[in-house]
Amino acid sequence: MIPDGADAVAFANHVEWTNVPPARPTAEGLWMLTYTIRGRAAFRYPPRTEIFATAGDLVLLRRDTPGTRGVLPGDRWDALSLRFDPWPEWTPAGFERVADGLYRKHIELAGHRLALQEVWARIIAGVQERETARALASVAGTDRPMLRREERIHVELLALWIRELFLIARRESLRARRIDPRVLGALQGAIADPSAPHKVADLARRAGMSGAHFAHVFRAQLGVAPAHLMRSMRLRQVALLLESTDDPVGVIAERTGFGSIFELSRQFRRQFGTSPRAYRAKHR
């Protein structure tokens, strides 16, 4: 349980940085946790410790240390970030200690990477909802007992979600890191041709396995169902094309294996929380 008055998550957001000199975190929260989606960031700890976070890396930095983070010239960093105050029994279990107050954990399994991003999206939305509720309450003059009850709900939800992040990271340590080469070959073939349907039966046939056995091995080793992963990969390819090209959304839908703009928009909104056109406008 979180003590009365404590905030599990002080701040959470999605960062897209270019050429940001390394500096200490300034927002509230005793610890900063980041997850790199793509690109890389530099984490420095004097006098000579420096690590680079790349795709799949979780990095923990305690704010009362001299550690800094930033993006060096020529690099770009697309990442999720939050700052939090830990609960009494919390420890950075499963993380590699780089220096005092600086820890790293690489997430290899695709299913765990997807799960982290989904939970993080809930945390960001929860923090925004909490701040909105606080602002409305201050304007409307909400009675204090009701305000305390609402605040408690926000705190408990955020506490549960941040625990989920660390449980996913610990689960990664317990899973086998070796992927069946047949599954890996089928997955690499699908990645090379994102416009094809890539049904589970087709992937299984490419791997030389029955559909049921392939699906079982795939989920056991990657932590996610084949259909879920392929859909997420196609949607991330859509996001990349929206950011880097001027192709019409209909053309992108065809190139990435979606049957129509309607289907693409429905799936894209479910994963990213916005329409393809709105996403392009924000990231261009």
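A short reminder: the numbers here are calculations on the coordinates, not readings from a lab. For clarity, every value in this text was computed on a predicted model and none was experimentally measured. Backbone-built Cβ (ideal geometry, glycine too); neighbour counts: all protein chains shown.
Could you work out the relative contact order of the chain, using alpha carbon pairs under 8 angstrom and six or more residues apart, expressed as a whole percent?
Values: 440 pairs, mean separation 44.9, N = 284.
Relative contact order of the chain: 16 percent.
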* Could you work out the relative contact order of segment 187-278, using alpha carbon pairs under 8 angstrom and six or more residues apart, expressed as a whole percent? => 24
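Highest first, please rank the peptides 221-232, 94-105 by the mean number of other Cβ atoms sitting within 10 Å of their residues. Numbers along the way, then the final one.
Working: 221-232: 18.9, 94-105: 17.1.
Top of the packing list down: 221-232, 94-105.
Mean Kyte-Doolittle hydropathy of 0.5 or higher plus an axial Cα length of 20 Å or more: which whole DSSP H helices in the chain meet both? Walk me through the intermediate numbers first.
Details: long enough: 110-140 (45 Å, 0.18); 144-174 (45 Å, -0.09); 226-244 (27 Å, 0.19).
Membrane-span-like by this criterion, though nothing is claimed about a membrane: none.
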* To do: Give me the number: length gained by fully extending R148 to S210, i.e. 0.36 nm times residue separation minus the C-alpha to C-alpha distance, one decimal in nm.
  => 16.8 nm
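Let me have the 222 nm mean residue ellipticity of the chain computed from DSSP H runs of 4+ only, each contributing -39500 (n - 2.57), with the sum over all residues rounded to the nearest 500. Can you show the working numbers first?
On the way: 9 runs with 140 residues, N = 284.
Helices in the chain give a 222 nm mean residue ellipticity of -16500 deg cm²/dmol.
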* Hydrodynamic radius of the chain per Kirkwood, over alpha carbon pairs, in Å -> 20.9
